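What follows is a short report on a single structure.
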Amino acid sequence: MMDAKLQELIKKSGNNLHAEVAQLLENLGWEVDISSYYHDDTTDKPREVDIVASKQIIVSSPGIGEGGFRVFLFIECKYFKEGVAFRMYNNNPRDSSSAIIFHGMSEDILNESNTNLKKTHHYIRVPLIAKLYDGKENNEIFNSITGAVKSLVFFRERRNEKGLYYPMVVYSGVGGLYPIENNNLTNLESVEPLKNLVFGLNYSYRSAVNSRLNTQYFCVDFVNKGELGDFLEMIEKQEIGELNGFARFLLLKGRRL
């Protein structure tokens, strides 16, 4: 019989959130890879990302052919024991546009006249982007953000699969995250929490392929576990759907993404 201490440890384990998020993704039709390892260029050691989820998007046209792409989610799961505040600043469309990762596709997708991704992608639409955070778990928040980004970079280089890539932190434990807009500290007691927000950062990393030092701006979504289904429905309609339509347009023209 399992001893009481181990039972209690299992009940309080962070793996429970991990497993719940994985099950939710599978129920929504995503392929889920749990606890994938990547090489951390900072520590020069293997490191684990909680979840890599993907979905194949098939684009076809009768008599012409078939194409498509895959959507990837690189997810770190985080259980917050106490409240967290994020310092929010005006979104810079140039930065947020550069954070949309179309790996293996044309870099001019956002500027094509037949796609509205510059208007529909939520990285660009959100008026405010988080840049800093305050809480008792700052180191764990940092590790969650960078873990999602580092795993994306590693898998993008090693798998070389055409797709659309999203780094994410899915959290529970608190009802929302407190936004502090443009460093306004005058009415903190009246700040209402947000379920979801976007964190932006410039990140420098060393390529696992050629060892070159690269710098890229990334947007990382913080999504409340209870909102994950709605969030995925939003990106499927507004972003994946838009890219799907554009891919079909190209296919009719005899081109590929």
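The values are calculated or read from the model by the stated rules, or taken from the named source; none is laboratory data. Remember, it's a predicted structure, so these values are computed and weren't measured experimentally. Cβ atoms come from the backbone with ideal geometry, glycine included; neighbour counts cover every protein chain shown.
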Can you spot a residue in the range 236-244 that is within 14 Å of the chain's Cα centre (by Cα), of a type in the set (D, E) and under 24 Å from Y37 (Cβ atoms)? no
When the residues of the range 121-164 are narrowed to those that are hydroxyl-bearing (S, T, Y) and under 18 Å from E48 (Cα atoms), which ends up surrounded by the most Cβ atoms within 10 Å (Cβ to Cβ)? S151
Within the range 119-149, restricting attention to residues that are within 18 Å of the chain's Cα centre (by Cα) and charged (D, E, K, R), which residue is farthest from P179 (Cα to Cα)? E140
Can you tell me which residue among A53, A85 is over 19 Å from the mean Cα position of the chain (by Cα) and aliphatic (A, V, I, L, M)? A85
Which residues, counting only those in the range 206-226, are hydrophobic (A, V, I, L, M, F, W, C), in a strand (DSSP E or B) and modelled with pLDDT under 90? L213
Just a yes or no: is a residue in the range 192-207 loosely packed, with under 14 Cβ neighbours inside 10 Å and within 28 Å of G229 (Cβ to Cβ)? yes
Subset of the range 77-93 (residues that are out of contact with any strand residue (DSSP E or B) (no Cβ under 9 Å at 6 or more places or on another chain) and within 17 Å of F218 (Cβ to Cβ)): P93
In the range 154-195, which residues are modelled with pLDDT of 90 or more and β-branched (V, I, T)? V169, V170, V174, I180, V191
Out of all the residues in the range 234-252, is one or more aromatic (F, W, Y), closer than 22 Å to N111 by Cβ, surrounded by fewer than 16 Cβ atoms within 10 Å (Cβ to Cβ) and in contact (Cβ under 8 Å) with a residue 12 or more places away in the chain? yes
The one condition Y203 fails out of (1) at pLDDT below 95; (2) assigned to a helix (DSSP H, G or I) is (2)
If the Cβ limit is 6 Å and pairs must be 6+ apart or interchain, which residue in the range 64-87 that is within 13 Å of L17 (Cα to Cα) and in contact (Cβ under 8 Å) with a residue 12 or more places away in the chain pairs with which residue that is among the aromatic types (F, W, Y) and not in a loop (DSSP other than H, G, I, E, B)? K78/Y171; F80/Y171
If you scan the range 219-231, which residues turn out to be touching a helix residue (DSSP H, G or I) at 6+ places or on another chain (Cβ under 8 Å) and buried (at least 18 other Cβ atoms within 10 Å of the Cβ)? C219, V220, D221, V223, K225, L228
Residues located in the range 98-120, provided they are of a type in the set (S, T, N, Q), in contact (Cβ under 8 Å) with a residue 12 or more places away in the chain and either assigned to a helix (DSSP H, G or I) or in contact with a strand residue (DSSP E or B) (Cβ under 7 Å, 6 or more places away or on another chain) (or both): S98, T120
In the range 1-38, how many are outside any loop (DSSP other than H, G, I, E, B), at pLDDT below 65 and of a type outside the set (K, R)? 6
